[in-house]
1. Filter region 321-352 down to the residues that are touching a His at 6+ places or on another chain (Cβ under 9 Å) and under 22 Å from Thr422 (Cα atoms) and list them by number.
2. Would you check if there is a residue in region 260-267 being not in a helix (DSSP H, G or I) and not polar (S, T, N, Q)?
3. How many residues, within region 271-318, are among the polar types (S, T, N, Q) and outside any loop (DSSP other than H, G, I, E, B)?
4. Since Ile325 meets every condition but one in (1) surrounded by 21 or more Cβ atoms within 10 Å (Cβ to Cβ); (2) part of a helix (DSSP H, G or I), which condition does it not meet?
5. Return only the number of the condition from (1) in the same structural domain as Arg276 (by TED's automatic domain parsing); (2) outside any helix (DSSP H, G or I); (3) more than 19 Å from the chain's Cα centre (by Cα) that Asn338 does not satisfy.
6. Regarding Met88, is this residue outside any helix (DSSP H, G or I) and either under 30 Å from Val48 (Cβ atoms) or in contact with a Cys (Cβ under 8 Å, 6 or more places away or on another chain) (or both)?
7. Please give the helices (runs of 4 or more DSSP H) falling wholly within region 352-469 in which 3 or more residues are within 28 Å of Leu56 (Cβ to Cβ) and of a type outside the set (S, T, N, Q).
8. Identify, please: which residue in region 398-414 is touching a Lys or Arg at 6+ places or on another chain (Cβ under 6 Å) and not aliphatic (A, V, I, L, M) and is, among those, surrounded by the fewest Cβ atoms within 10 Å (Cβ to Cβ)?
Amino acid sequence: MLRSLASVTLIAAASAGCLFAAQPPGRQPADWIVEARYVITMDATHRVFENGAVALRGERIVGVGTQSDIERQFTAEHLLKKPRSLLMPGLIDTHTHAAMSLFRAIADDRRLNDWLTNFIFPAESRNVDKDFVHWGTSLACLEMALAGTTTYTDMYYFEDEVAATTKAAGLRGVLGQTVIGFPAPDYKTWQEAVRGAARYIDTFAHDSLIVPAVAPHAIYTTPDEALVAAHKLALQQNVPLLIHLSETIKEREDTLAQRHISPTQVLEQLGVLDGRVVAAHSISMSDDDLVLLKKHGTGVAHCPSSNMKMAAGVAPVTKMLKMGIAVGLGTDGFAGSNDSADLILEMNLAAKLQKVATMDPQSLPAEQVVEMATMGGARVLGLEKEIGSLEPGKRADLIGISLEHPNAVPLYHLYSQIAYATKAPDVEDVFVNGKQIVIGRRMVTLDKDEIYRQAERYKIQIEKSLAGR
């Protein structure tokens, strides 16, 4: 249910308790203390602190509570006061294709197969190389950070370049090297792609920002033996496996006609659902399919904008959540399926889409969809012990959202404000891994002007490559 300021557990006094680790007498050093009108923790009980603060040391959160409690417990090198803002965990995008930002809006209003076969795959084959991936990922990271996303999940080519670019931007990434059953821009066979994925995983195996992954594209583009090989690698290296699953009704119907089982059952029979699997879309799912996802602990990346724009259908998110399946939000690719990296908008659309699909206004309420964008996404990725909430010991990933804009006045319901009224430009400050990468809506880790110049250069190149297609 929606919770007003009166019904939210607002903790405003030291006697009410403070979320901080056990500490010896005296004030402990911190790198940062960030204060705000509200601190939304998204912890197990969804505690909210009025006049709250978060203390950061190195890459971790060391204290969360009221300002008076934090000031009594910590002394900081840097103090950031945001009296007209709220602090919350950084948003987690569980599915996108970052470098495709350079293909934004080249082919819209088409069916998935037409879009992929006649536009995206040809454009990729003629344009995608490491340089393209670097600048496309840079542009995406700029947009994501300014919209409050601190962790994103990627599936693309030259994923080592995606990882290096993401690290330079200061964002956190669960980044999957694509394995596909036809010649791709980086590897000409799926066998080469699997070997390349193994090298990539080794390179970033112990990185503080990058979680390497392997990403077989889908059952309709990737041979069974490639799916099995990719899965074997994921298990051996203990990394996530990312895959598109039941993205359209046609995918399900074709699979039933050819194999007499559903796409989910195909993966189950191949053993590919074992381990840390993230299934993007999961739209056309039977109850039996959902039981399989629950049985194997498969996480689901729900992409409402993409699903609507492609007329692909409505994922049974309400049912998934009731079954205890981990569900997060994804923006999907920038080229035709969404065109935006705005996860705040995805919260808004996800909640409304479930309401109209179930004809129940109480489906996917505001507080639950905010959890999907934070702790829900962390659970999908298997990172719930590291990110997704503001708690001592977790990674210092947090965002500050302004409450000064007209869409935040007056303020009655904190979660409703975030889910239904907040806009991406309301995000003012972003910390990832304890470092402030966005200051007053300016991203300090990337050269915006150079990114824009390179994007314009690629626009000319891509238009020439598709002329007379």
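1. Correct list: Val327, Gly328, Leu329, Gly330, Thr331, Asp332, Phe334, Glu346, Ala350.
2. Yes, region 260-267 contains at least one residue that is not in a helix (DSSP H, G or I) and not polar (S, T, N, Q).
3. Selection size over region 271-318: 4.
4. Going through the list (1) surrounded by 21 or more Cβ atoms within 10 Å (Cβ to Cβ); (2) part of a helix (DSSP H, G or I), Ile325 breaks only (2).
5. Of the numbered conditions (1) in the same structural domain as Arg276 (by TED's automatic domain parsing); (2) outside any helix (DSSP H, G or I); (3) more than 19 Å from the chain's Cα centre (by Cα), the odd one out for Asn338 is (3).
6. Considered against the rule, which asks whether it is outside any helix (DSSP H, G or I) and either under 30 Å from Val48 (Cβ atoms) or in contact with a Cys (Cβ under 8 Å, 6 or more places away or on another chain) (or both), Met88 comes out as yes.
7. By residue number, 366-371, 377-381.
8. Residue satisfying both the conditions and the ranking: Glu404.
The values are calculated or read from the model by the stated rules, or taken from the named source; none is laboratory data. Please read these numbers as outputs of a predicted model, since none were measured by experiment. Note that we place each Cβ from the backbone using ideal geometry, even for glycine, and neighbour counts take in every protein chain shown.
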